Amino acid sequence: MAKIGFLGGTFNPIHNGHLYLADNAYKQLKLNKVLIVPSGISYLKQDIDILSKDIRSDMTKIAISDYPYFEFSDIEIKREGNTYTYETLLELRKEYSNDTIYFIIGADTLNNMESWKCPDIIFANCHIAVMVRDTTDKNEISKICMFYEEKYNANTVILDVEKTDVSSTEIRRLIRNGCYDQVKNMLPEKVLKYIEDNHLYRGN
């Protein structure tokens, strides 16, 4: 039985914070691999100007190319219509029927999961790996985990990570303002080059 990590996101663009979370989950949980899954059309982010699936996929592939235990997955971007996590997990459950799937999320995401479409299906088909920063109230996170465990019979695990001040929103803002030097430490070098070569985010 293998242990498979699943890190999803819009990845607009994928940045070092995403890779840091995936890498820490891989090491702390002793996973066999981590699936890096760019979202298709997120019903939660309809108001954000998001680059095409192909471009975000290219950046994701470039970003994880130096990590042999990360694997790109097009499971969401090839799906028509809105992207729902529960559908992704049902597909992954078919592919990894005998394995344990760990859905890697940040503590801020944990608070909102019950409002997602079909949360009962999500909790039934994976373990939730919550990445908790050193500045987060762990007692509050533990209470939320206990609530999900009692209501949905969820399996949760809390993992410690250091705080990372990186966001795709801030990266897009800096690039739009021509501040490429300030994003050098936020993005993999190859991803930044791809963004520069293709003149991305300048007009967003």
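The values are calculated or read from the model by the stated rules, or taken from the named source; none is laboratory data. Only a predicted model underlies this, so the values are computations on that prediction, with no experimental measurement involved. No Cβ is skipped: glycine too gets one built from the backbone with ideal geometry, and neighbour counts run over all protein chains shown. For the accessible areas, the whole protein counts, side chains as well, though only heavy atoms, and no ligand, DNA or RNA atoms are used. Shrake-Rupley method; radii C 1.70, N 1.55, O 1.52, S 1.80 Å.
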Per residue solvent-accessible surface (Å²) - the range 1-121, probe of 1.4 Å: 46
Inter-label distance, nm, simple model (7 Å from Cα along the C-beta direction), ASN82/ASN98: 3.7
Gain in span if fully extended, ASN155 to ASN112, counting 0.36 nm per residue against the direct Cα distance: 13.8 nm
Other-chain or far-sequence residues with amide H under 5 Å of PHE72's (modelled H): ILE36
Longest site-free stretch - the chain; sites: trypsin sites (Lys or Arg not before Pro), DSSP loop, at most 15 other Cβ within 10 Å: 118-162
222 nm mean residue ellipticity, helices alone, for the chain (DSSP H n ≥ 4; -39,500 (n - 2.57); rounded to 500): -11500 deg cm²/dmol
Cα-based helix-to-principal-axis angle, 85-95 vs the chain, degrees rounded to 10: 70
Angle in degrees between helix 53-63 and the longest Cα principal axis of the chain, rounded to the nearest 10: 90
Angle between the chain longest axis and helix 138-152 axis [Cα atoms, degrees, rounded to 10]: 60
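Any chance you could tell me what percent of the C-alpha pair distances in the range 1-118 go past 17 Å?
For the range 1-118, the fraction of Cα-Cα distances above 17 Å is 55 percent.
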Directionally averaged shadow of the chain, computed from the convex hull of its alpha-carbon atoms, nm²: 11.2
Net charge of neighbours whose Cβ lies under 9 Å from the Cβ of ASP160, counting Lys and Arg as +1 and Asp and Glu as -1: 0
Longest site-free stretch - the chain; sites: GluC sites (Glu not before Pro), DSSP loop, at most 13 other Cβ within 10 Å: 81-161
